[in-house]
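S.K.: The structure is given below, and queries will be raised subsequently.
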Amino acid sequence: MADRTRAHVFVSGNVQGVYYRANTRDTAEKRDIDGWVRNLSDGRVEAVFEGPESTVEEMVEWCHTGSPAADVDDVSVEYDSPEGEDGFRIRR
């Protein structure tokens, strides 16, 4: 699957306590994206998305809005080779 990619994303703003992680998981599962999402102690949300390049790009774009209650200030992303994530989960 040479067209697969991995995006490591950090989202800042009012993104914790607003169902951002749950909405990310639900959206990723609908798009058949593998990876995970978690809250960071500094108030950001961190996520990894693996899948077809175009679908991963859709997820990165989705992060700019996220859950309806979120107020996203910034999304930073680094791309890398897939590491074999299987399924999508919320990490603690």
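The values are calculated or read from the model by the stated rules, or taken from the named source; none is laboratory data. Source: prediction; values computed, not measured. Neighbour counts are summed over all protein chains in view; Cβ atoms, including those assigned to glycine, are modelled from backbone coordinates with ideal geometry. These accessible areas exclude ligands, DNA and RNA; they are computed on the full protein's heavy atoms, side chains included. Shrake-Rupley method; radii C 1.70, N 1.55, O 1.52, S 1.80 Å.
S.K.: Give me the pairs, please: first residue somewhere in the range 7-30 and under 15 Å from Val60 (Cβ atoms) and touching a residue at least 24 places away in the same chain (Cβ under 8 Å), second residue anywhere and charged (D, E, K, R) and open to solvent by less than 40 Å² (accessible area, probe 1.4 Å), beta-carbon distance under 6 Å, and either six or more positions apart or on two chains.
M.R.: If the second residue must be charged (D, E, K, R) and open to solvent by less than 40 Å² (accessible area, probe 1.4 Å), the pairs left are Phe10/Glu46.
S.K.: In addition: Just give me the residues in the range 36-46 being farther than 13 Å from Ala70 by Cβ and under 8 Å from the mean Cα position of the chain (by Cα), in sequence order. So that I can check it myself, show each step before the final result.
M.R.: The initial filter retains those residues of the range 36-46 that are farther than 13 Å from Ala70 by Cβ, namely 36, 38, 40-42, 46.
Within the range 36-46, Trp36, Glu46 meet the criteria.
S.K.: Exactly one of these conditions fails for Arg92: (1) basic (Lys, Arg); (2) farther than 21 Å from Arg4 by Cα; (3) open to solvent by 80 Å² or more (accessible area, probe 1.4 Å); (4) touching an Asp or Glu at 6+ places or on another chain (Cβ under 8 Å). Give me its number.
M.R.: (4)
S.K.: What is the residue count in the range 4-31 for residues that are open to solvent by 10 Å² or more (accessible area, probe 1.4 Å), at negative phi and not in a strand (DSSP E or B)?
M.R.: From the range 4-31, those open to solvent by 10 Å² or more (accessible area, probe 1.4 Å) are 4-6, 8, 10, 12-14, 16-19, 21-23, 25-27, 29-31; that's our starting set.
From what's left, at negative phi: 4-6, 8, 10, 12, 14, 16, 18, 21-23, 25-27, 29-31.
With not in a strand (DSSP E or B) added as a condition, the list becomes 16, 18, 21-23, 25-27, 29-31.
Of the residues in that region, 11 qualify.
S.K.: Within the range 40-51, is even one residue open to solvent by less than 80 Å² (accessible area, probe 1.4 Å), at pLDDT below 95 and assigned to a loop (DSSP other than H, G, I, E, B)?
M.R.: Looking for residues that are open to solvent by less than 80 Å² (accessible area, probe 1.4 Å), at pLDDT below 95 and assigned to a loop (DSSP other than H, G, I, E, B), one finds none in the range 40-51, hence no.
S.K.: Shifting gears a bit: Working carefully through the options Asp34, Asp73, find the one that is open to solvent by 10 Å² or more (accessible area, probe 1.4 Å) and without any contact (Cβ under 8 Å) to a residue 60 or more places away in the chain. Spell out how you get there, then give the answer.
M.R.: Numbers: Asp73 fails: without any contact (Cβ under 8 Å) to a residue 60 or more places away in the chain.
Result of the check over Asp34, Asp73: Asp34.
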